[in-house]
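Bear in mind these aren't lab numbers, they're just calculated from the coordinates by the rules spelled out. The structure displayed is predicted, hence computed values, not measured ones. In this analysis, Cβ positions are derived from the backbone assuming ideal geometry, glycine residues included, and neighbour counts consider all displayed protein chains.
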Amino acid sequence: MDDLNSFLEPGMLVKHPDQDDWGIGQVQSNIGGKVTVNFREAGKVVIDGTRVMLFPVSEL
């Protein structure tokens, strides 16, 4: 399986495509396809980068 989020680096801001209510999250780590993100409304979540494509955002 391809890692859909291999370009993400710690500090980047992202959104989850299916969890809009989680708000914007900040990437904490990206190791071996597992992306740990700290979301404003959901807290720390580990995302399987082979199954979910996170979308980078720029804060306005």
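For the chain, excluding the exposed loop sites themselves (trypsin sites (Lys or Arg not before Pro), DSSP loop, at most 12 other Cβ atoms within 10 Å), the longest remaining stretch covers 1-39. For the chain, the residue among Asn30, Ser6, Ser58 whose Cα projects farthest onto the positive side of the dipole built from Cβ charges is Asn30.
May I ask you to derive the relative contact order of the chain, considering only C-alpha pairs under 8 Å and at least 6 residues apart, and to give it as an integer percent?
Details: 124 pairs, mean separation 22.4, N = 60.
After rounding, I find 37 percent.
Please rank Val37, Val57, Val14, Val45, fewest neighbouring Cβ atoms within 10 Å first, as an exposure proxy. Please list the in-between numbers first.
Details: Val37 26, Val57 12, Val14 21, Val45 15.
Arranged by neighbour count, lowest to highest, Val37, Val57, Val14, Val45 become Val57, Val45, Val14, Val37.
In order along the stretch 2-16, phi translates into HN-Hα couplings of 7, 7, 6, 10, 4, 7, 6, 10, x, x, 5, 9, 9, 10, 8 Hz, rounded to whole numbers, per the Karplus curve 6.51 cos²θ - 1.76 cosθ + 1.60 with θ = phi - 60° and x for Gly and Pro.
With charges set only on the Cβ (+1 for Lys and Arg, -1 for Asp and Glu), what does the dipole of the chain come to about its Cα centre, in debye to the nearest 20?
Details: 5 positive and 9 negative charges, 33 e Å.
For this selection, approximately 160 debye.
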